[in-house]
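Okay, structure first, notes after.
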Amino acid sequence: MAGPHPLVAAARNALRAEFSAFAIGAPVVLAVSGGADSMALAASAQYAARENLLQLHSVVVDHGIRSESAQEAAEVQQRLTQMGIRAQVISLSQLDPALGAASLPTLQTETAQYREGPEGAARRGRYQALAQVARELGARSGNTRPAVVLLGHNRNDQAESVLLGLGRGSGGRSIAGMPRAGALPIFPDVPMLRPLLDFTHSQLQTICQELAITYVEDPSNHLDGPWRTAAGDPLRRARIRHEVIPLLEDVLAEGVVEALGRTARILQDDGAALDAYAQQAWAQTVETEDRMQQSPSVPEKRTIQISCLKLENYPRAIRTRVLRTAFLASGGRGGELVFWHLDRLDRLVRNRQNNLKIDLPGVCAVKNQHILKFIPRS
């Protein structure tokens, strides 16, 4: 008897590899929109979860933007139930918008895109719904952490994120795209995995077709979709998907999507190394009394003091990371920190002048006696 299609087997193996580290019976949250990507994720997870007896809980979000969205969400819920996966529909109208907004200043990666327009608001709402379910399941199972959330982003999504980051001009952190593992965007307490980043959208469509799984195409991904910019143009991500990447593949030959994915992975590795060195620099240059308890990975709102005479001896890439961490740790609004902010802060560090001040989003940076102090605003 012939085995499953190679792509079906590959996706199942990718999920099995991720699930091998999970505790037996642990809850897992699946973000499912009903598209090919998330339905392939759900099917692969349903197969792979058997070994560890994992408890899958899928979340379908009804954005309420189109009149037919509630019916579509109900149909997706029904398909998931038929696959043997628990499924619930959450309407964005049921969520408290203040809860999602309250977490925005702590976001350290993928920041700007979650603050823009109706697409950003919808994305933020999805993550809020997922975080809510993950926290509830984690508490119900007696865990100290929320359940892990699985997202169905693929290689095409990664390529688009790299190009969007390139357009923002905010450095390697932005061009590095989406991490495979880490925290759910906007909600740093919720663990997250993107196990299908090595698969293209076309490959995930093939998986659904091979498994006879019905999926829908999200109209918001089309150039003539329901969401538009303030100027009435198609969304930037939709234009990159349907206009920019096809043009790049025509000019540079096929393989652009794969190349952009490799670029993201290399930059993520480089960024992790620089972050590790920045942690060492943080320990050597932060001069607050409780510096041993201050971790760059868990920022808290407090006054931060940095020795300019010590920090100036590090390379710029390390200095700016320490400065960015101090800004976030003192309550700065991460989504509003731009290149020129960091550039001016770095010049303050290297400049031997004192009695200088820079107003930053949510924070005031003051330099006296070669100490740069980040003071949170009330």
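The values are calculated or read from the model by the stated rules, or taken from the named source; none is laboratory data. Note that the coordinates shown come from a computational prediction; the quantities given were computed from them, not determined experimentally. Methodologically, a virtual Cβ is constructed for each residue, glycine included, from the backbone with ideal geometry; neighbour enumeration extends over all protein chains shown. Side chains are part of the model used for accessible areas, which takes the heavy atoms of the whole protein and leaves out ligands, DNA and RNA. Shrake-Rupley method; radii C 1.70, N 1.55, O 1.52, S 1.80 Å.
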*In debye, nearest 20, what is the charge dipole magnitude of the range 153-199 about its Cα centre with +1 on Lys and Arg Cβ and -1 on Asp and Glu Cβ, if you could check?*
120 debye
*If Lys and Arg each add +1 and Asp and Glu each add -1, what is the summed charge of the other residues whose beta carbon sits under 12 Å from the beta carbon of residue 243?*
0
*Carbon and sulfur together cover what percent of the accessible area of the range 111-248 at a 1.4 Å probe radius?*
52 percent
*asked:* Quick check on the chain: helices-only [θ] at 222 nm, where DSSP H runs of length 4 and up contribute -39,500 (n - 2.57) each and the sum goes over total residues. Nearest 500, please.
replied: -14000 deg cm²/dmol
*In degrees from 0 to 90, rounded to the nearest 10, what is the angle of the helix 69-82 Cα long axis to the longest principal axis of the chain?*
70 degrees
*With all protein chains present, how much of the accessible area of the range 298-378 (probe radius 1.4 Å) comes from carbon and sulfur, to the nearest whole percent?*
49 percent
*Most mobile of 37, 189, 233 per a Gaussian network model of the chain (Cα springs, under 10 Å)?*
233
*Return a single number: how many Lys pairs in the chain, at a sequence separation of 8 or more or on separate chains, have alpha-carbon atoms below 16 angstrom apart.*
5
*Can you check how the C-alpha radius of gyration of the chain compares to 2.2 N^0.38 Å, as a plain ratio?*
1.06
*Separation of the residue 371 and residue 13 label points, Cα + 7 Å toward Cβ, nm*: 5.8 nm
*the chain - accessible surface per residue (Å², probe 1.4 Å)*: 48 Å²
*Where does helix 36-48 land angle-wise versus the long Cα axis of the chain, in degrees 0 to 90, nearest 10?*
80 degrees
*Kindly identify the range 190-272 as rounded, prolate or oblate by the Cα gyration tensor criterion: order the square roots of the eigenvalues as a ≥ b ≥ c, call it rounded if a/c is under 1.5, otherwise compare a/b with b/c, prolate if a/b is larger, else oblate.*
rounded
*How much length is gained on full extension from residue 283 to residue 212, taking 0.36 nm per residue of separation minus their Cα-Cα distance?*
20.1 nm
*asked:* On C-alpha positions alone, give me the angle between the axis of helix 256-285 and the longest principal axis of the chain, in degrees, nearest 10.
replied: 40 degrees
_Let me spell out the model: positive unit charges on the Cβ of Lys and Arg, negative unit charges on the Cβ of Asp and Glu, origin at the Cα centre of the chain. What dipole size does that give, in debye rounded to 20?_
1500 debye
